Structures are given as C-alpha cells and as structure tokens.
Amino acid sequence: MASAAISKVVWVNGPIVVGAGPAGLSVAACLKARGVPSVVLDRADCVASLWQRRTYDRLRLHLPRHFCELPGMPFPDDYPEYPTKRQFVDYLEAYAAQSGVEPRFNQAVTSARYDKAAGLWRVCAEDVSATSTASAGDEDVVTEYIGRWLVVATGENAERIVPDFEGMDEFAGPVSHVSEYKSGEAYRGKRVLVVGCGNSGMEVCLDLCDHNALPAMVVRDSVHVLPREMLGVATFSVAVFLLRFLPQWLVDRILVLLARVFLGDLEKIGIRRPSRGPLELKNSRGRTPVLDIGALARIRSGDIEVVPGIKRFFRGGAELVDGRRVAADAVIMATGYHSNVPQWLKGNDFFTQEGYPRVPFPDGWKGESGLYSAGFTRRGLSGVSSDAVKVAQDIAMAWEQQTSSR
Ligand SMILES: Cc1cc2nc3c(=O)[nH]c(=O)nc-3n(C[C@H](O)[C@H](O)[C@H](O)COP(=O)(O)OP(=O)(O)OC[C@H]3O[C@@H](n4cnc5c(N)ncnc54)[C@H](O)[C@@H]3O)c2cc1C
C-alpha cells in the first residue's frame, strides 16, 4: 500500500493503545477503571480479530478458563472449563461494553515515533475501509494521533508465517494458511498435507479426520506433546502448582515423565521430544507445548499420517527429506505467526527485530518516554492480564501527577 499524506490530526488526551485484542482491551479497561481515558486503534473492524476472523470453528481455549480471564471480569458461571471460541468472543465483547471501551476500527497503524522535541508520540494510521475503496495515495485516509503515551498491544500473532518451499508454485492444489481454515467440510475425501505440528496443526488434522478427509501432518522438528488433563486435572494447573515449590527445570522433568506415563512413547509414531523442557522452551522461545485433545489417538489409529520435513513440492504433492513422496490435493500451512511491531514502531530499540520487548518477562512491559507493551510475554492470556494491570497502574500514576499539577 502506498503511504498517503496525513489528512487529519487527533490530539489524544491519554494513552494511544494500538490493538483491540485481549491485551489492548484490558489495558484500556484497567485505565478506564482508574479514570484515565484512552484511544484504542485496530486495523480490523471488530474487537479480538484474531479470535473472530483468523481461527477455526472448533477452537476452544487451550487452558482452563480461570487462567484466561481478563482483569476485573470473571467468565460467566455457566461457561465450561474450556470455553468455545464463540463464548470467548462473547466474553470479550461484553468486557469491552462493560468497561466502556470503544475502539476505533479500520485504523491500521503504519508508523509510530517519539517526537523528542515535543515529548509526544506521533502515531499514523490508515483508514483501511477507505483505502479499499479510494485510490492509492488518496489524501483523506491517514490520521495522525498525538499523545503522551503509547501502548503497543498488537500481539505475538499479528502476521502469518508462510515458508517459501522449493517448487511451491508447481503444486496444483490450493495452499492456505491455518488462519483461513474454518472447518474440514471443504476437504471431505481429500488428501490434505498439514505443514506444522503445533496446537493448530494437530487440531486441524483432528478436524479433517472428523470430516472424512485424509490428513498427513508434517513434523519437521521435535515437539513437546502433553496431555491436556491427567486424571481430570489440567496439566497446566499441575505445572503452575509445582512451580510454586520447585525450580522450572525440575517441573519440566516431572511434566515429561508424566507425559510419558499418560501418552506413551511418541517416538514410535514419529514425534520426537526436544532435549529442553516444555516450560523452558515456552518461556525462552515462545514454543508452546501441544496439549493433546485427541490427535495422538488418531495418529495411532492411522487416520493421521505423520511425515518428516518437506524437501520440495511437485504438482501432485511433496517430496520429503527422507526421499519419500506424499500425494496431496491441498496444503494447509500451520506454520505460525510473528509480531509486526518492527514494521511500524520507528526509531526505538525497546523491541527486538523479532518484535518482542528486549527485556524479558516480567519486566518487558515498560519502555522509555511513555512507551509500554502488553501481550508479548509468551504466556498467553495470563501474561496479557499481568501486563495490562501493570501498564494501567503506571500510566494512571503519571496521569494523576500530571492532572493534579495543572
Ligand atoms: C489459535 C490460537 C489459540 C490460542 N489459544 C489460547 C488459549 O487458549 N489461551 C491463551 O492464553 N492464549 C491462547 N492463544 C494466544 C493468543 O495470542 C492470546 O490468547 C490473545 O489473543 C493475545 O491477545 P493480544 O491482544 O495480545 O493479541 P491479539 O489477539 O492478536 O490482538 C492484537 C490486535 O492488534 C491488531 N493489530 C495488529 N497490528 C496492527 C496494526 N499495525 N495497527 C492496528 N491494529 C493492529 C490486530 O488486528 C488484533 O486485533 C491462542 C492463539 C491462537 C492463534
């Protein structure tokens, strides 16, 4: 998209929050509860667009509900232990309504920089509803928001990762990213190559089986698979409990041992465990362990074929690194996402090139000159809540000082 000239300038009395997902909403709600107004911008036309627009129908929260609540509002009592995607979206919409947070939609932030001389953040956003109808370079689509504080809440999953495989252009069937997948209905009777074996890859394979498709799952790297529950207790709850008394490395060992007891030897079905523990990998590299909700049983029964990495694609399928060929009618890339912060936050080294705060959890929520981040902890929704409370508290203190000295 060609960048257009600024057509409108908006002075923001309070922080500018970029992103109206769970992180942006909870920061704005916590601020509002402390009497601080804010402006929330999102490129999409709804709150929580990741959940509403870019996830599959059968998705449920992976973690028990009490780990996923946002500050100040519990889930309704009648919600199940693992709420459905629809229930979670309803909850987020109710959260925004109850807190009086009204994001400005269709505002895609293309640049943000700190103006040292003025001591203010200048954030440019293009109205994507207008750019889709207006010609490129049209002048009435860019708004510059100016304010004292900037909260980055664009998420760890802002953009899709789509690897560039050799021969991809030759492949005759449709290739899509898992963010476009809704259900296996469209794949009935088809051979589908699912590239990636994280939670999404495994669950899409399960869904494809339920729709009588024939999935093959590409498992290139080692991965931790844990049972979602053990004897009715969530594995995540067990980990959180053990971490109160034991160091992370020991909890990791216990988790791996328990996984072996409950899930058996996964090497036999082509899934290798990493040498580093599941919590260590999650916290240091953001590699979430897979919580099994039935895919392993379908692998063992032969409904899901596990294949090694891809060497190249050809017209009717893919050649694998072990020399085998696998036929496919369609390919789904369950290859993950990345942060987009470096694309638009300029002149600032608070974030790494990968788009994460340089300072690790729990201290990566605050930068300099009124810059904050929420939702980049690699700890899912509980990390989002923890950031939101701290960010709002800090800004509210500065806000009170500023307003009382006026
Ligand atoms: C399939 C899936 C299942 C998951 N399940 C769980 C779970 O069960 N439990 C859990 O704790 N976590 C889960 N997660 C992790 C998930 O990232 C968090 O749940 C949560 O969505 C993070 O909230 P966020 O607000 O930080 O990011 P997001 O929800 O991604 O929201 C970021 C918002 O920023 C907007 N945005 C991005 N770039 C710009 C820009 N340049 N300008 C304007 N707006 C922009 C986006 O449109 C989006 O609305 C899951 C993730 C996925 C992909």
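The values are calculated or read from the model by the stated rules, or taken from the named source; none is laboratory data. Owing to the predicted nature of the structure, the values given are computational and were not obtained by experimental measurement. So basically every Cβ, Gly included, is an ideal-geometry build from the backbone, and we count neighbours across all protein chains shown. We work out accessible area using only protein heavy atoms, side chains counted, and drop any ligands, DNA or RNA first. Shrake-Rupley method; radii C 1.70, N 1.55, O 1.52, S 1.80 Å.
Report, please, the projected area of segment 1-115 averaged over directions, based on the convex hull of its C-alpha atoms, in nm².
About 8.9 nm², averaged over all directions.
Skip the ligands, DNA and RNA, and give the accessible area per residue of the chain with a 1.4 Å probe, whole Å².
46
Ranked by accessible surface with a 1.4 Å probe, highest first, in what order do 354, 229, 102, 156 come?
Largest accessible area first, the list is 102, 354, 229, 156.
Once R0 is set to 45 Å, what does the formula 1/(1 + (r/R0)^6) return for the Cβ-Cβ distance between residue 325 and residue 11, expressed as a FRET efficiency to the nearest 0.05?
About 0.15, to the nearest 0.05.
Using a 1.4 angstrom probe on heavy atoms only, work out the carbon and sulfur share of the accessible area of the chain in %.
50
Past 24 Å, Cα to Cα: identify those pairs from 8/346; 85/311; 85/346; 32/346; 282/311, in the order given.
85/311; 85/346; 32/346; 282/311
Summing +1 for each Lys or Arg and -1 for each Asp or Glu, what net charge is found among the other residues whose Cβ lies under 15 Å from the Cβ of residue 121?
Net local charge, residue 121 excluded: +3.
Give me the base-10 log of I(q)/I(0) for the chain at each q in 0.10, 0.11, 0.14 Å⁻¹, Debye formula, one uniform scatterer per Cα, rounded to two decimals.
Debye curve over Cα of the chain, log10 I(q)/I(0) at q = 0.10, 0.11, 0.14 Å⁻¹: -0.74, -0.89, -1.31.
Based on the Cβ-Cβ distance from residue 253 to residue 221, what FRET efficiency comes out when R0 is 25 Å, to the nearest 0.05?
0.75
When the chain is modelled as a GNM with alpha-carbon springs shorter than 10 Å, which of 186, 44, 396 fluctuates the most?
186
Would you mind counting up the charge near residue 276? Only other residues with Cβ under 13 Å from its Cβ, with Lys and Arg at +1 and Asp and Glu at -1.
Neighbourhood net charge equals +3.
For residue 395, what charge total do you get from the other residues with a beta carbon under 11 Å from its beta carbon, if Lys and Arg give +1 and Asp and Glu give -1?
Charge balance near residue 395 sits at +2.
Counting each DSSP H run of 4 or more residues in the chain as -39500 (n - 2.57), what helix-only mean residue ellipticity at 222 nm follows after dividing by all residues, to the nearest 500 deg cm²/dmol?
Result for the chain, helices only: -8500 deg cm²/dmol.
Which value does Rg/Rh take for segment 180-263 over its C-alpha atoms, Rh per Kirkwood?
That ratio is 1.11, to two decimals.
How large is ³J(HN,Hα) for each residue in segment 101-110, as worked out from phi by the Karplus curve 6.51 cos²θ - 1.76 cosθ + 1.60 (θ = phi - 60°), to whole Hz, x for Gly and Pro?
Running phi through 6.51 cos²θ - 1.76 cosθ + 1.60 with θ = phi - 60° gives 8, 10, x, 8, 8, 6, 10, 8, 6, 9 Hz.
Which value, to two decimals, describes the C-alpha radius of gyration of segment 95-209 once divided by 2.2 N^0.38 Å?
In units of the globular-protein estimate, segment 95-209 measures up at 1.54.
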